[in-house]
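**Q** The structure's right below; bear with me while I get my questions together.
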Amino acid sequence: MNLDRISATCHPYLLSLFRFVTGLLFLHYGVAKIFKFPPLEVFEDVTPLSLWGVAGMLEVVLGTLLMLGFFTRPAAFILSGEMACAYFIEHFPHSFYPLVNDGALAIMFCFSCLYLAAAGGGPLSLDALMRGRTVS
């Protein structure tokens, strides 16, 4: 069994799965901020035009685009920037260390989206379907 060959075969599909799950998580956070579902105390005072409200709207719209793999690169790039801003506005002022300031998830989202902005959506995406690409 050649692990490199298996890895090369699975890699494009795992990229699509990674993109979908990342988009699903963004959608989950956006729905919690905007639609208050599930009801969480941290998001109960979020209004649509507040900083958290605008972030929630971005997460709903762009998270959905990521899930579908539609305009993957620009959506992921914008979400990467949103997470970088979230880290430096909300977490970094409390401490330099991500484990202390609870900013590790924002950093992971930032660099996950930066990777997707560079790598694209993978073969199981609307971007690939519209370009007529297939993986052989």
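The values are calculated or read from the model by the stated rules, or taken from the named source; none is laboratory data. Just so you know, these numbers come straight off a predicted model, no measurement behind them. Cβ: placed from backbone, ideal geometry, glycine included. Neighbour counts: every protein chain shown. All accessible areas refer to the heavy atoms of the entire protein, side chains included, with ligands and DNA or RNA removed. Shrake-Rupley method; radii C 1.70, N 1.55, O 1.52, S 1.80 Å.
**Q** Within segment 42-55, can one find any residue that is within 30 Å of Ala8 (Cβ to Cβ), open to solvent by 20 Å² or more (accessible area, probe 1.4 Å) and either at pLDDT 95 or above or under 18 Å from the mean Cα position of the chain (by Cα) (or both)?
**A** no
**Q** Taking the options Gly103, Gly69, name whichever one is at positive phi, out of contact with any Cys (no Cβ under 6 Å at 6 or more places or on another chain) and modelled with pLDDT of 95 or more.
**A** Of the residues listed, the single one that is at positive phi, out of contact with any Cys (no Cβ under 6 Å at 6 or more places or on another chain) and modelled with pLDDT of 95 or more is Gly69.
**Q** Of the residues that make up segment 61-72, is at least one touching a residue at least 60 places away in the same chain (Cβ under 8 Å), open to solvent by 40 Å² or more (accessible area, probe 1.4 Å) and of a type in the set (A, V, I, L, M)?
**A** no
**Q** Let me ask something additional. Using the structure shown, decide if Ala76 is in contact (Cβ under 8 Å) with a residue 12 or more places away in the chain, among the small types (Gly, Ala, Ser) and either under 30 Å from Arg131 (Cβ atoms) or surrounded by fewer than 17 Cβ atoms within 10 Å (Cβ to Cβ) (or both).
**A** So Ala76 fits the description; yes.
**Q** Residues of segment 30-41 being under 17 Å from Glu82 (Cβ atoms) and surrounded by fewer than 18 Cβ atoms within 10 Å (Cβ to Cβ), which ones?
**A** Val31
Conditions (1) touching a strand residue (DSSP E or B) at 6+ places or on another chain (Cβ under 9 Å); (2) closer than 15 Å to Glu59 by Cβ; (3) surrounded by fewer than 16 Cβ atoms within 10 Å (Cβ to Cβ); (4) of a type in the set (Phe, Trp, Tyr), marked per residue:
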site	(1), (2), (3), (4)
Glu82	no, yes, no, no
Ala86	no, yes, no, no
Glu90	no, yes, no, no
Asn101	no, no, no, no
Phe109	no, yes, no, yes
Cys113	no, yes, no, no
Ala117	no, no, no, no
Gly122	no, no, no, no
Leu129	no, no, yes, no
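**Q** If you scan segment 1-13, which residues turn out to be assigned to a helix (DSSP H, G or I) and open to solvent by less than 100 Å² (accessible area, probe 1.4 Å)?
**A** Across segment 1-13, the qualifying residues are Ile6, Ser7, Ala8, Thr9, Cys10, His11, Pro12, Tyr13.
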